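**Student:** Have a look at this one before I ask anything.
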């Protein structure tokens, strides 16, 4: 078994799975909406890439699931990739559908209200405290 074999696992269809380090395989195309699946009564998060300068994650939310209020010291870009979500920023509700995104400003209280099943990508760029 060579080093490449140790870093990758092959599934039943012969396609490569993610490397051992947790990030998605580089230089390979991915169908983003298929990176993560829905799980009954749960919010599922998968890191696409994580660096000291920021990270990108994909999340799935089952019906009735959301996120409680929080604030971040960094701007965050949320993009809906399946379904729709109600993202509340500074007490203002924003209903986003698949293909839409919104920037959540640093230091703004925000939360996600349940609105059926949906998937989204969250991108945080750590450019310093703003």
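The numbers here are math on the coordinates, done by the rules we state, and not lab data. In this text the structure is predicted, and so the values were computed from the model without any measurement. As a convention, Cβ positions derive from the backbone with ideal geometry for all residues, glycine included, and neighbour counts pool all protein chains shown.
A quick yes/no check of all residues on (1) surrounded by 12 or more Cβ atoms within 10 Å (Cβ to Cβ); (2) in contact with a strand residue (DSSP E or B) (Cβ under 9 Å, 6 or more places away or on another chain); (3) more than 23 Å from residue 97 (Cβ to Cβ):
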residue: 29; (1), (2), (3): no, no, yes
residue: 37; (1), (2), (3): no, yes, no
residue: 42; (1), (2), (3): no, yes, no
residue: 46; (1), (2), (3): yes, yes, no
residue: 52; (1), (2), (3): no, no, yes
residue: 55; (1), (2), (3): yes, yes, yes
residue: 58; (1), (2), (3): yes, yes, no
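**Student:** Scanning for something in contact with a helix residue (DSSP H, G or I) (Cβ under 8 Å, 6 or more places away or on another chain) and either in a loop (DSSP other than H, G, I, E, B) or touching a residue at least 40 places away in the same chain (Cβ under 8 Å) (or both), does segment 85-95 turn up at least one residue? Please lay out each step first, then the result.
**Tutor:** Restricting attention to segment 85-95, the residues satisfying the condition of being in contact with a helix residue (DSSP H, G or I) (Cβ under 8 Å, 6 or more places away or on another chain) are none.
There is no residue in segment 85-95 that is in contact with a helix residue (DSSP H, G or I) (Cβ under 8 Å, 6 or more places away or on another chain) and either in a loop (DSSP other than H, G, I, E, B) or touching a residue at least 40 places away in the same chain (Cβ under 8 Å) (or both).
**Student:** On to the next question. For segment 102-116, what are the residues that are over 20 Å from residue 38 (Cα atoms) and either touching a residue at least 40 places away in the same chain (Cβ under 8 Å) or part of a strand (DSSP E or B) (or both)? Full working, then the answer.
**Tutor:** Kept after step one, since they are over 20 Å from residue 38 (Cα atoms), are these residues of segment 102-116: 102-110.
Scanning segment 102-116 gives 102, 103, 104, 109, 110.
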